[in-house]
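Enquirer: One structure coming up, written as structure tokens, with questions to follow.
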Amino acid sequence: MSITTYSYPRHAKAIHFGLAVFGITAYLTAELAEADINTWEYLIHAYLGFGLGLCITLRLALGFTSSKALSFRGWSPLVLSQWKIAFADIKSLLTLTLPEHDRHQGLAGLVQAFGLFIFIWMAITGALLFIIQEDTGSIIFEIVEEAHEVGEGLIPLFLAIHIGAVILHTITGNPVWRKMFSSE
């Protein structure tokens, strides 16, 4: 299997790095946020979440530009053709053949869209929690907090799929992770 020829510009790599660092560290510090909102523990988690929010905002903004590496054109999880490619990819994986597409296509595109959705969800619900702050008995706060915790439960699933795919590509001779660390 050949290594795909596309590469990522520095700004795409920086955004990916920011999403990874802020997303994972915000996830890992979630228990700190259980403390009182006036503590440094809560603020660490909140500011990591704001960093994630900034990165996801940049990613979304660049998705609507002509940036070849980050554009959402032709990359919609809501398009039937994308799902057909993804199902073909699953069939391919069941026959122990690794599918190869242009970026953001098929199963890989759906996984990436899933990750962006989760990070958007976490940034929005986290910002709402920060703005609303806990008001004893507030049903709105409770709903937003539960919504935030649903997203928190999906992060390990996304990371397992995403990192698992990177490992699978590497094992099969197509180390796509290098694209994020190369100087191209």
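Enquirer: Add -39500 (n - 2.57) for each DSSP H run of 4 or more in the chain, then divide by its residues: what number comes out at 222 nm, to the nearest 500 deg cm²/dmol?
Expert: -22500 deg cm²/dmol
Enquirer: Can you give me the Kirkwood hydrodynamic radius for segment 47-108, using every pair of distinct Cα atoms, in Å to one decimal?
Expert: 13.4
Enquirer: So which helices of the chain fit the span-like rule, where a helix is a whole DSSP H run, its Cα atoms reach 18 Å or more along the axis, and its mean Kyte-Doolittle is at least 1.0?
Expert: 40-63, 106-132, 139-171
Enquirer: Taking +1 at the Cβ of each Lys and Arg and -1 at the Cβ of each Asp and Glu, which of 17, 158, 88 sits farthest along the dipole of the chain towards its positive end, judged by Cα position relative to the Cα centre?
Expert: With unit charges placed on the Cβ atoms, the residue in question is 88.
Enquirer: Averaging sequence separations of C-alpha pairs under 8 Å and six or more residues apart, then dividing by the length of segment 10-180, give the relative contact order as a whole percent.
Expert: 18
Enquirer: What's the lysine pair count for the chain at a Cα cut-off below 24 Å, pairs eight or more apart or interchain?
Expert: 4
Enquirer: Consider just the alpha-carbon atoms of the chain and return their Rg together with their Dmax, both in angstrom.
Expert: Answer for the chain, Rg first and Dmax second: 18.2, 58 Å.
Enquirer: With +1 assigned to the C-beta of every Lys and Arg and -1 to the C-beta of every Asp and Glu, and no other charges, what is the dipole magnitude of the chain about the Cα centre in debye, to the nearest 20?
Expert: 1440
Laboratory data are not the source of any read-out in this text; all were calculated from the coordinates shown. Given the structure is predicted, the values throughout are model-derived calculations rather than measurements. Note that each Cβ is placed from the backbone with ideal geometry, even for glycine, and that neighbours are counted across all protein chains shown.
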